[in-house]
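Since the structure comes first, as C-alpha cells, the remarks are kept for the end.
No lab work stands behind these numbers, since they all come straight from the coordinates. Given the structure is predicted, the values throughout are model-derived calculations rather than measurements. Neighbour counts are summed over all protein chains in view; Cβ atoms, including those assigned to glycine, are modelled from backbone coordinates with ideal geometry.
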Amino acid sequence: MPVLSTVLLWAVDGNHKEFSEQYKQACDARAEIMFEELLEIADDGSNDFQNVVRSRSSSIDDDETDKTFDTKLNPENIQRSRLRVDTRKWYLSKVLPKKFGDKIAHVGPDDGPIQVTGVKIAIRRNKK
C-alpha cells in the first residue's frame with residue numbers, strides 16, 4: 001500500500017484521472033455513511049438515563065440487601081452525543097457544502113428579487 005501522501009497526490013494529480021474519480025466517489029460515499037450515522041446518533045437515547053441507588057435496606061430473613069433505584073438524567077452521554085452530531089454536521093458542511101452546507105439566499109422584500117433603485121456616480125476632475 002502506498003503512504004497517505006502518495007494517495008493524496010494521486011487524488012489531485014492529472015495523470016491519475018481514474019484514481020481521482022474513484023477517490024472522489026469513495027469520499028462521497030463516506031459522507032453519505034456519516035450522514036446516516038448522524039441520524040442514528042441523534043435518534044439513540046439508550047444511555048440518556050441511568051439508575052442511581054436511592055436507598056438500601058437489609059432483609060432480616062436472608063441477610064441480603066435490597067436496593068431502590070432512582071432514574072436520573074445522564075448529561076455526560078447527552079453532551080457526548082451532541083458533540084458527535086455537531087462534529088459530523090460541521091464536517092459534512094465543509095466536504096460537501098452544496099449538499100450539506102447552509103443555504104444562503106439573497107432576496108429582497110417579501111422574498112422577491114433584489115432591486116437597485118438608484119445609483120449616483122460623481123466624477124471629479126482635478127484642475128491643474
Exercise. Mean separation of Cα pairs under 8 Å and 6+ residues apart, divided by the residue count of the chain: what relative contact order is that in percent?
Worked result: 17
Exercise. Highest mean first, what order results for 101-113, 67-79 on Cβ atoms within 10 Å?
Worked result: 67-79, 101-113
Exercise. In whole angstrom, and with the biggest value first, how far do the Cα coordinates of the chain range along each principal axis?
Worked result: 111, 52, 35
Seminar exercise, completed: Assertion target for 117, 87, ordered by fewest C-beta neighbours within 10 angstrom first, is 117, 87
Problem set entry | Links that overshoot a 28 Å alpha carbon limit, given the list 94/120; 99/120; 17/99 | 94/120; 99/120
Exercise. Pick from 38, 83, 92: which residue has the top mean-square fluctuation in a GNM of the chain where Cα pairs under 10 Å get a spring?
Worked result: 83
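Which of the chymotrypsin sites (Phe, Trp or Tyr not before Pro) across segment 78-128 are loop residues per DSSP, with 10 or fewer other Cβ within 10 Å? Numbers along the way, then the final one.
On the way: sites: 90, 91, 100; in loops: none.
Qualifying residues, ordered by number: none.
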Seminar exercise, completed: Summing -39500 (n - 2.57) over every DSSP H run of at least 4 residues in the chain and dividing by its residue count gives a helix-only mean residue ellipticity at 222 nm, to the nearest 500 deg cm²/dmol, of -15500 deg cm²/dmol
